[in-house]
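The values are calculated or read from the model by the stated rules, or taken from the named source; none is laboratory data. Keep in mind it's a predicted model, so treat the numbers as computed, not measured. Here the Cβ is made from the backbone with ideal geometry for all residues, glycine too, and neighbour counts use every protein chain on show.
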Amino acid sequence: FCYLSLVTDYYTKEIVGWCVGDTLEAKFAIEALDMAMRRLDKNAVHDIIHHSDRGVQYASYAYTCKLRSRGIRISMTECGDPKDNAVAERVNGIIKNELLMGMNFHSIDEVKKAIAIAVDFYNNERPHMSLDWKTPSEAALCTGELKKKWVSRRENFIKAEVA
């Protein structure tokens with residue numbers, strides 16, 4: 001049995017950090033976070049919010065200290081509602097159900113190799129309708145606002161209620 005920790009850029013849907021571990025210990029989630037941090041230019045990105053479920057690894061002292069030390073604000077889902085973390089749930093589903101479905105693994109090293117290939121494919125080959133049919137890596141290279149192909153029902157509902 002193994003566990004996958006992912007750090008995904010909410011705006012571009014790019015997986016910027018990942019780690020496979022054999023337990024839910026925070027050290028594996030921290031390794032994924034460190035991978036994501038190495039990709040960030042400290043001066044280029046401000047006002048980062050880290051949103052996660054309430055898993056023990058993400059709520060751990062070590063993990064939250066690492067976020068705070070970089071000035072990253074912490075946001076966590078309400079208990080038991082996967083819709084509060086829809087982007088993460090979607091990315092997990094794509095990795096599991098589209099890219100790894102039907103595969104059998106005999107070691108954690110095999111899983112790590114398969115995840116590396118799946119993440120590369122997801123970031124560089126798999127276009128997303130919500131990104132105007134760009135891949136996450138292409139979206140990350142764009143400047144300015146990304147054209148979105150979907151409409152937020154929540155935003156439309158709020159606008160209608162306010163009007």
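Inside region 135-163, residues that are assigned to a helix (DSSP H, G or I), exposed (fewer than 12 other Cβ atoms within 10 Å of the Cβ) and either of a type outside the set (S, T, N, Q) or at pLDDT 85 or above (or both) make up a count of 10. Please verify whether Leu100 is at pLDDT below 90 and at negative phi, treating the condition exactly as stated. Judged against the criteria, Leu100 is not a match. Among what's in region 49-83 and is touching a residue at least 24 places away in the same chain (Cβ under 8 Å) and out of contact with any helix residue (DSSP H, G or I) (no Cβ under 9 Å at 6 or more places or on another chain), pick the residue that is surrounded by the fewest Cβ atoms within 10 Å (Cβ to Cβ). This residue is Cys79.
Of all residues in region 19-26, one or more are out of contact with any Cys (no Cβ under 8 Å at 6 or more places or on another chain), surrounded by 14 or more Cβ atoms within 10 Å (Cβ to Cβ), acidic (Asp, Glu) and on the phi < 0 side of the Ramachandran plot. Count of region 91-134 residues, restricted to those that are surrounded by 14 or more Cβ atoms within 10 Å (Cβ to Cβ) and basic (Lys, Arg), is 3. Within region 102-134, being part of a loop (DSSP other than H, G, I, E, B) and under 10 Å from Lys13 (Cβ atoms) holds for one residue alone: Arg126. Against the test of being at pLDDT 90 or above and over 17 Å from the mean Cα position of the chain (by Cα), the options Asp34, Asp41, Asp22 yield a single qualifying residue, Asp22.
Kindly evaluate Thr77 against the criterion of being in contact with a His (Cβ under 9 Å, 6 or more places away or on another chain) and of a type in the set (Val, Ile, Thr). When the stated conditions are applied, Thr77 passes them.
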